[in-house]
Amino acid sequence: MGIYGLGTIGRRVASALHEGIEGLELCGVCSQSADKAAGFLATLQPAAAGRTVPVLDAEDLARKSDVLVDCAPAAAFRTIAEAAMKHGRTLVTVSGAALLDCQDLIEHARKTGARIILATGALLGLDAMRAAAEGQIHSVRMVTRKPPRSLAEAPVVRAQRIDLERLTEPLCLFRGSALDGARQFPANVNVAAALGLAGIGPARTQLEIWADPALTRNTHTIHVDADSARFQMTIENIPTEEPPGTGRITALSVIACLRSMTAPLKIGT
């Protein structure tokens, strides 16, 4: 296993691998801050044989690992994914928004035998969505509501100089397709991108994004109407301290995905 990025998600995944996931071993990491990465890795108790986990560049990590976990900022996704595809590796990521602009990599993966696994992240119901997509889905609508601080660094908010700190009532920041929403809020709505890719496509999936000062949790509500089922789901994710737009469950979903790779029993689609 190799990990790109040792931020909030990457550190949690690295710790889980160190604590032990059957059949998986952390063999290296790649980070923009090599010194900080090495410092964090040093806090993990070394293996019995004294093995240490090295900090490598993107290419070396892809060459050395069988499975790569992308925990880096969305801007680094293409570089990471291209290295993984080149070497025929399996890439696990939650960067659904970045994947929308890198669809060509899917064909690259097909040619090299690589795989891209988009982990569930902070969403729910992807199993039901994928099952419904085997039939006919009539409509999908998602409403995302977040505390203002979780959206304050979004490019659109900064460009339009929207002061979210002084909000006294909910403010709708976006209404349109999940495709457009993911591009305008790349660090905030990976969930919408994943929902669109699992169902009727990001362009047909409708999305609303709200900054709500009454909330302390990142909340996503999904409405689906299909020929097989009609369902509505809501999840309220506790955000991390840094970055505040990321739900704590995101790292846990990556860990669950890794466990399922070697587990003798796999639950869910």
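Odds and ends about this structure:
- Per-region count, segment 240-269, residues open to solvent by 20 Å² or more (accessible area, probe 1.4 Å) and in contact with a Pro (Cβ under 8 Å, 6 or more places away or on another chain): 3
- Spans of strands (runs of 3 or more DSSP E) in segment 185-240 with at least 1 residues over 12 Å from residue 144 (Cα atoms) and without any contact (Cβ under 8 Å) to a residue 12 or more places away in the chain: 230-237
- Total residues in segment 13-40 satisfying the condition of being without any contact (Cβ under 8 Å) to a residue 12 or more places away in the chain and at positive phi: the figure is 1.
- In the set (1) buried (at least 17 other Cβ atoms within 10 Å of the Cβ); (2) among the basic types (Lys, Arg); (3) farther than 21 Å from residue 182 by Cβ, the condition left unmet by residue 166 is number (1).
- Of all residues making up segment 72-88, the number that are at pLDDT 95 or above and not in a helix (DSSP H, G or I): 2
- Check on residue 63, buried (at least 23 other Cβ atoms within 10 Å of the Cβ) and of a type outside the set (A, V, I, L, M): no
- Here residue 127 qualifies as of a type in the set (Asp, Glu), surrounded by 13 or more Cβ atoms within 10 Å (Cβ to Cβ) and at pLDDT 90 or above.
- Answer residue from segment 14-34, given it is part of a strand (DSSP E or B) and touching a strand residue (DSSP E or B) at 6+ places or on another chain (Cβ under 8 Å) and is farthest from residue 2 (Cα to Cα) among those: 24
- Only residues that are crowded, with 23+ Cβ neighbours inside 10 Å and not aliphatic (A, V, I, L, M) were counted across segment 130-147, and they come to 2.
The values are calculated or read from the model by the stated rules, or taken from the named source; none is laboratory data. Quick caveat, the model's predicted, so the values are computed rather than measured. A quick note on method: Cβ atoms are made from the backbone with ideal geometry, for glycine too, and the neighbour counts reach across all protein chains shown. SASA here: full protein model, heavy atoms, side chains in, ligands and nucleic acids out. Shrake-Rupley method; radii C 1.70, N 1.55, O 1.52, S 1.80 Å.
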